[in-house]
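Below is one structure, written out as structure tokens, with a few remarks after it.
The values are calculated or read from the model by the stated rules, or taken from the named source; none is laboratory data. Because the structure is a prediction, the values reported are computed rather than measured. Please note: Cβ atoms are built from the backbone with ideal geometry, for glycine as well, and neighbour counts cover all protein chains shown.
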Amino acid sequence: MTDPIADMFTRIRNASAVKKTEVLMPMSKIKYEIAKILEKEGWIGHAEIIAGGLNSRHSQFDQLKLILKYQKNGSPCIGGIKRISKTGARVYVGKDKIPTVLNNFGIAILSTSSGLMTNREAFRKNIGGELIGEVY
């Protein structure tokens, strides 16, 4: 796998399309931080780490479990999720060029020198960084 973050976004997109309640994926620190941002902003229900081990049924590696959220009419809270900065073409934005997503109904996730944060947090802190992806 060359781009684990794109894989994470694809798993979330596919699970939402078939109305699954949870998604399992291999654990990494950056995926966990992205999941915590999505949880804090209300796009997913819960994110947790499932510890793997030698006695584990599936794997000896840790897994990341995301509980997806749906609206009352059954449609997923995440209408779209896409990767902006790819492995071969990184996208960096300065503090003056931080994007808004759907007139601030969505969020952009940035990797800054102060860690991962949303576009609104980066704007408040007046810092730019690598544009990871957008959620709307």
Of the criteria (1) more than 12 Å from the chain's Cα centre (by Cα); (2) farther than 28 Å from Arg124 by Cα; (3) crowded, with 17+ Cβ neighbours inside 10 Å, which one Ile12 fails: (1)
The one condition in (1) touching a strand residue (DSSP E or B) at 6+ places or on another chain (Cβ under 7 Å); (2) under 26 Å from Ile127 (Cα atoms) that Lys86 fails to fulfil: (1)
Residues of the range 21-47 classified as loosely packed, with under 14 Cβ neighbours inside 10 Å and of a type in the set (D, E, K, R), total: 4
Residue selected from the range 80-102 under the condition exposed (fewer than 14 other Cβ atoms within 10 Å of the Cβ) and within 24 Å of Lys19 (Cα to Cα), by the criterion nearest to the chain's Cα centre (by Cα): Lys82
Selection within the range 49-69 - out of contact with any Gly (no Cβ under 9 Å at 6 or more places or on another chain), at pLDDT 90 or above and surrounded by 15 or more Cβ atoms within 10 Å (Cβ to Cβ): Leu64, Lys65
Sole residue being more than 20 Å from Ala35 (Cα to Cα), β-branched (Val, Ile, Thr) and outside the structural domain of Ile44 (by TED's automatic domain parsing), chosen from Val101, Val93: Val93
Index of the failed condition, Ile34 passing every other in (1) touching a residue at least 60 places away in the same chain (Cβ under 8 Å); (2) in a loop (DSSP other than H, G, I, E, B): (2)
Some residue of the range 79-89 being of a type in the set (D, E, K, R) and not in a loop (DSSP other than H, G, I, E, B): yes
Residue in the range 75-94 that is over 21 Å from Asp3 (Cβ atoms), basic (Lys, Arg) and out of contact with any Gly (no Cβ under 7 Å at 6 or more places or on another chain) present: no
Number of positions in the range 37-46 that are assigned to a helix (DSSP H, G or I) and among the aliphatic types (A, V, I, L, M): 2
Residue in the range 20-31 that is within 18 Å of the chain's Cα centre (by Cα), farther than 30 Å from Phe123 by Cα, of a type in the set (Lys, Arg) and not in a helix (DSSP H, G or I) present: yes
